[in-house]
Amino acid sequence: MAALVKRVGWATRPLLRVVQASDLDAWRWVRALRRSPVKVLFPSDEVVERKLDPRKQPQKAAAEAGPREQRQKQQIQGPASQTPSTWEESGLRYDKAFPGDKRLSSVMTIVKSRPFREKQGKILLEGRRLIADALKAGAVPKVFFFSRLEYIKELPIEKLKGVSLIKVKFEDIKDWSDLVTPQGIMGIFAKPDHVKMTYPETQLRHTLPISLICDNLRDPGNLGTILRSAAGAGCSKVLLTKGCVDAWEPKVLRAGMGAHFQVPIINNLDWEAVPDHLPADTRVYVADNCGLYVQAQAQRSNKASDYGWVRDHRPLKFHEYEEEEEDLESGASQDWLPELEVQSYDSDWTEAPAAVVIGGETHGVSLESLQLAESTGGGRLLIPIVPGVDSLNSAMAASILLFEGKRQLRVKTDQVTEERLSWRAEVLCQDFGGQAPDRLHLSARVV
């Protein structure tokens, strides 16, 4: 009987559990607390905002936010960065070099050899600053090798169209780099043409009527320093004769610190073509970086080798017979040495457009430079040094002469300005007689 009653009790029990209101509210509170809501609504319509842990960000806040809230959030945060979309919209793509890729090594072999560099018409630029200066000046890039994509995105996108972009390992760049600390980007450019280059406006406004001619400069560090001094002084152009080191050699570019893209450089010229790149009334002056002691010795002899600043003959490979070399060392060589007036470097030599010839430290200036100076009415600029000192560094001598020329031109400009002010003062004195000369001069300066 008890078993029957028990069975009937199971039969009359509802299949679904009846949930009381209090149980439902408790379940809702537990679930709400588990979800960590931003706001809690109590039955009394009281709203309590809950502060979230700054280390924990809501995962579904953006997805659950309405369109209106999303628009407000975008207005507060501002427009999203356009760099990735701009990069994608520009259509630029880059290749990733895999192990065994020889594109970097083959290009480096070309640009690091002067014969191949001149034949292919390509140069190597390394470093973000140097590459940015080249692009700003209008140099045409061909290939970029980089280790990080951020280095390429820093460059102007319009300059990268049609350029091969290759991503390589930093170790590969380090193997081919000449820098102690490589910057992770190397660019192959077409050899710049000074006619097509766009130089900075500030450089053009401060250009002086002074040109620089490099003769037999074979040290890359000296040439790079000279180019840097020429750009700093405001030199109008730099001419390199045959026999000089290539101006676009990596070591020269590194020593120049961007001067290649601030001053026009004309490379590998014959002496017959040098006057074509100078103004018609230019006077050529030869830098004499020897002392008075050497000149006193040279006055006792007319041999060019005694002067120390000029080569007495061409290299031996140009002589067919030993007798010719002996004739050049004999008294017969006294006639072909041009006679040039010697003047101090701080004397006035900038009356007309001037060109300064700087020779190499080993071989000095050539005979052609002396003949050009004689034909243009120039002379020798003497930088006096202490007796017993051999000579000055070529880069140091060039810097002294260029900035001395700049000083002379600035003094002349100030004199012209003062003359104009004096003329204005005289005109005002005639119109307003009776004023003190000092006041008239002051009023003329204000005008």
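The values are calculated or read from the model by the stated rules, or taken from the named source; none is laboratory data. All figures in this text were calculated on a predicted structure; none of them were measured in a lab. A quick note on method: Cβ atoms are made from the backbone with ideal geometry, for glycine too, and the neighbour counts reach across all protein chains shown. Remember, those area values only see protein heavy atoms, side chains included, never the ligands or the DNA or RNA. Shrake-Rupley method; radii C 1.70, N 1.55, O 1.52, S 1.80 Å.
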Per-residue ³J(HN,Hα) for the stretch 127-138, Karplus 6.51 cos²θ - 1.76 cosθ + 1.60, θ = phi - 60°, Hz, x for Gly and Pro: x, 5, 5, 5, 5, 5, 5, 5, 5, 5, 7, x
Inter-probe distance in nm under a simple model that places probes 7 Å from Cα toward Cβ, at residue 348 and residue 205: 2.9
Placed amide H near residue 237: partners under 5 Å, 5+ positions off or other chain: 212
Residue order for 151, 285, 345, 94 - accessible surface, 1.4 angstrom probe, largest first: 94, 345, 151, 285
Long-range amide H partners of residue 140 with built H, under 5 Å: 190
Set 196/237; 136/161; 102/196; 174/237; 196/242 screened for pairs whose C-alpha atoms are more than 25 Å apart: 102/196; 174/237
Under Karplus coefficients 6.51, -1.76 and 1.60, residue-wise ³J(HN,Hα) of the stretch 397-407 in Hz, glycine/proline x: 4, 5, 5, 4, 5, 5, 6, 5, x, 5, 5
Model label zone, residue 103; criterion: amide N under 13 Å from point 7 Å along Cα-to-beta-carbon; scope the stretch 172-199: 188
Gained length - residue 413 relative to residue 120, 0.36 nm times residue gap less alpha-carbon distance: 100.9 nm
Accessible area, probe 1.4 Å, largest first, for residues 367, 240: 367, 240
